[in-house]
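A quick write-up on the structure given underneath.
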Amino acid sequence: MTIAISILSIYAFIFLGFMAKRMLKEEMNEKGMILLSIYFLQPMLSFWGLSSRPIEFSLLEAPFWYLTISLICVLISSLIAFIFFKEDIKEKSIITICVIIGNTGNLGIPLGIALFGDASILYMSMINITNVFIVYTLGVFFYSRGNFSIKQSLFNIIKLPVIWFASLALLMNIFEIHLHPAMLIPLEMGAYCTMVIQLVIFGMYLYNIKLRSINTKLLLHVSVIKFVITPLIAGWILYGLLDLEPMVATLIFIELIVPLAVTNVNLAALYECKPLDVTLLVFFTSLVFIPFFILISNLLHYLNIVSMP
């Protein structure tokens with residue numbers, strides 16, 4: 001119940017964006033807010049997130065397997081996209097990448113804490129760092145491919161400041177270069193502002209969705225990959241093939257099955273890769289995730305892998 005309430009509380013900002021767009025219509029400009037978020041605020045979020053706590057390199061096992069399984073899922077998604085969506089490069093790009101750009105930070109970390117307490121924070125933070133680089137490399141590339149060539153899509157990766165700020169913060173963390181505590185306060189303010197703005201933008205795009213224009217084919221395939229194929233692959237590798245500690249395996253598993261992140265909408269809108277379709281995918285996976293996670297949690301509890309909070 002606590003987990004469900006926490007998730008629903010975050011959705012209040014989505015509702016705020018929805019109502020703002022409904023009341024103010026064209027006065028609310030989604031594209032302008034996206035540019036503000038991606039080019040100015042998200043670099044602050046990535047820099048703050050990667051510099052606010054020391055990185056424990058002894059915990060690299062978790063992000064390594066998270067990355068490995070994510071890449072396996074991308075290969076499977078790309079095969080499905082090639083078979084069923086070969087005629088539409090935008091849909092092919094969406095189905096290939098969106099399923100691994102999950103909400104590993106705002107949702108994944110609290111879920112880890114709910115199941116395992118503070119012992120999960122370092123593992124989940126390391127996985128979230130990995131996800132940041134996945135989003136702004138593979139994510140940017142595939143969403144760009146809807147409208148750009150391979151060369152231009154690769155160039156779009158290095159054009160975004162987020163990847164540079166994230167890399168700088170990572171290097172500073174490695175070499176133990178610390179900012180003055182007073183400098184961390186505005187960074188933290190910008191980071192939380194980014195999270196809120198992303199949710200508001202998501203709500204604004206939700207308002208623009210028309211039920212009669214829902215892309216049911218895309219929704220069905222993404223849902224099957226996200227809630228059937230990915231959990232089966234992750235579960236088989238983490239609990240069947242690998243000899244990981246149950247807590248570590250479960251934390252990786254959680255981060256792989258969290259719903260699609262709002263960042264998918266930002267990138268889809270930035271590169272004009274069917275943002276309304278992506279908005280619906282994020283919204284639907286977020287709704288389905290609550291009962292899905294409760295089911296998965298009870299299954300893990302039944303198998304004596306985790307204890308329910």
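The values are calculated or read from the model by the stated rules, or taken from the named source; none is laboratory data. Please read all numbers here as calculations on a predicted model, not as lab measurements. For neighbour counting, all protein chains shown are included, and Cβ atoms are generated from backbone atoms with ideal geometry for every residue, glycine included. With ligands, DNA and RNA removed, areas are computed over all heavy atoms of the protein, side chains included. Shrake-Rupley method; radii C 1.70, N 1.55, O 1.52, S 1.80 Å.
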Exercise. Cα gyration tensor of region 147-287, axes a ≥ b ≥ c as square roots of the eigenvalues: rounded (a/c below 1.5), prolate (a/b > b/c) or oblate?
Worked result: oblate
Problem set entry | Accessible area of the chain belonging to carbon and sulfur atoms, whole % at 1.4 Å probe | 71
For this session: Give me the accessible area per residue for region 157-211, probe 1.4 Å, as a whole number in Å².
Result: 56
For this session: Evaluate E = 1/(1 + (r/R0)^6) for residue 56 and residue 35, where r is the Cβ-Cβ distance and R0 equals 45 Å; express this FRET efficiency to the nearest 0.05.
Result: 0.80
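Which value at 222 nm does the chain reach when only helices count, each DSSP H run of 4 or more adding -39,500 (n - 2.57), with the total divided by all residues and rounded to the nearest 500 deg cm²/dmol? Numbers along the way, then the final one.
Details: 16 runs with 215 residues, N = 309.
Helices in the chain give a 222 nm mean residue ellipticity of -22000 deg cm²/dmol.
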Problem set entry | Label assignment, P(r) over Cα pairs in 20 Å bins from 0, in percent derived from the structure, set [x] 27, 50, 22, 1; [y] 33, 61, 6; [z] 30, 56, 11, 3, 0 | [y]
For this session: Give me the accessible area of residue 239, 1.4 Å probe, in Å² rounded to the nearest 10.
Result: 80
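Going down the list 31/90; 25/90; 159/217, which pairs span over 30 Å between their C-alpha atoms?
On the way: 31/90 19 Å; 25/90 27 Å; 159/217 33 Å.
With Cα atoms farther than 30 Å apart: 159/217.
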Problem set entry | Chain lengthening between residue 299 and residue 86 when straightened (0.36 nm per residue, less Cα-Cα) | 73.0 nm
Problem set entry | Relative contact order, percent, the chain [alpha-carbon distance under 8 Å, six or more residues apart] | 32
